[in-house]
Amino acid sequence: MPDKWNPELYERFQAERSRPFYDLVDLVQHQKNLRVLDLGCGTGKLTKYLHETLKAKETLGVDASEKMLYVAHQFAGNGLRFEQGRIEDNPGEGKFDVVFSNAALQWVTGHEALFAKLREKLQPGGQLAIQIPAMYDEPVHQLAVETAKEFSQELGGYVRRLEVLSPVDYATLLYKLGFVKQQVKLQIYGHLLPSREAVVEWYRGTLLTAYETQLNSQNYESFLELYQQKLFEILPDERPFFFPYKRILIWGSIS
Ligand SMILES: C[S@@+](CC[C@H](N)C(=O)[O-])C[C@H]1O[C@@H](n2cnc3c(N)ncnc32)[C@H](O)[C@@H]1O
């Protein structure tokens, strides 16, 4: 499948996207000589911050996208390295003190099984720190699903569905997996974007990449047009545009 992640487009909203990342890093307890795994590390800039802030001995950033990793490799060194791999393939050899993932696990289905696998990657005393956007029931997502259904023929019936559990279900899952300490919270990040057009730009950099992969460029342009039209029927034309964004922050420790 072609790699439609676009580091430049993704980084356009870096300030907004990195706020929850810093909040997630703040949940991690500092210990000496940590071995850290960052799943879906993207362009690696934030992985470097994570590595340095935790004063980790070793940090491995893993991402499926060659283009994202191409940017990430410049940050490698001093115990920080990057590898190409898919989260669902259990990347990263051995056990880790911290398994971290910011805004990536929503692309992987079967979270109960996935979290059980991540738990297995932890050393005794290890910590899991995950941030997952929780916008699946908001119009920005629902209208992408509706648009995909209207392009059913061109997409061969494909619809990108994100499987994200509720905060309560994540808390229960952590408990069942033996996390003796935990913090799970739903947080709303109020992003101030220049206009509602920026919401489409935002989603072109993430959710819609899957449709870009499946469609030829002409059909993708028509897809974007229809999506925008649907969205603008409900989003007010205000400048700046206030975009409330729901995210779940999950932290757990096994001792
Ligand atoms: C929204 S970006 C987040 C990047 C980074 N963690 C950050 O906070 O800026 C999601 C990243 O997850 C990667 N990704 C998506 N699905 C993946 C998978 N199944 N396995 C590995 N990486 C994946 C994408 O290539 C992308 O770089």
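The values are calculated or read from the model by the stated rules, or taken from the named source; none is laboratory data. The shown structure was predicted, so the numbers you read here are calculated from the model rather than taken from an experiment. As a convention, Cβ positions derive from the backbone with ideal geometry for all residues, glycine included, and neighbour counts pool all protein chains shown. We work out accessible area using only protein heavy atoms, side chains counted, and drop any ligands, DNA or RNA first. Shrake-Rupley method; radii C 1.70, N 1.55, O 1.52, S 1.80 Å.
Looking at the square roots a ≥ b ≥ c of the eigenvalues of the Cα gyration tensor of region 1-83, which shape do they give, rounded for a/c under 1.5, prolate if a/b is larger than b/c, or oblate? Cα axes put region 1-83 in the oblate bin. Against the chain, whose longest principal axis comes from its Cα atoms, helix 139-150 is set at around 60 degrees. First check a/c for region 45-160, with a ≥ b ≥ c the square roots of the eigenvalues of its C-alpha gyration tensor; if it is under 1.5, answer rounded, and if not, answer prolate when a/b is larger than b/c or oblate otherwise. Because a/c hits 1.5 or more and a/b exceeds b/c, region 45-160 counts as prolate. Counting only alpha carbon atoms, the long axis of helix 217-234 and the longest principal axis of the chain meet at about 90°. Here the calculated FRET efficiency for ASN216 and LEU192, from their Cβ-Cβ distance with R0 = 45 Å, stands at 0.80, rounded to the nearest 0.05. For a straight C-alpha distance cut-off of 29 angstrom, the lysines reachable from LYS117 (same-chain residues fewer than eight places away being disregarded) are LYS4, LYS32, LYS45, LYS48, LYS55, LYS57, LYS67, LYS95, LYS176, LYS181, LYS185, LYS246. Only helices enter this figure: runs of n ≥ 4 DSSP H residues, each worth -39500 (n - 2.57), summed and divided by the residues of the chain, yield -11500 deg cm²/dmol at 222 nm to the nearest 500.
Beta-bridge orientation, region 7-253: approximately 50 percent antiparallel, per DSSP, counting only bridges with both partners inside.
Rolling a 1.4 Å probe over the protein heavy atoms of region 199-255, with every protein chain left in place, gives an accessible area that is 44 percent carbon and sulfur. Charged side chains reduced to their Cβ positions (Lys and Arg at +1, Asp and Glu at -1) give region 7-253 a dipole of some 1060 debye around its Cα centre.
Near GLN127, the amide H atoms lying under 5 Å from its own belong to VAL98, VAL99; only residues 5 or more places off or on other chains count, and H is placed 1.01 Å from N. Residues in region 200-234, backbone N under 19 Å from the label point at GLN84 (7 Å along the Cα-to-beta-carbon vector): list them, ranges by number please. Only 210, 213-214 fall inside the zone, counting backbone N under 19 Å. Its Kirkwood hydrodynamic radius, worked out from the mean inverse distance over all distinct Cα pairs, puts the chain at 19.0 Å.
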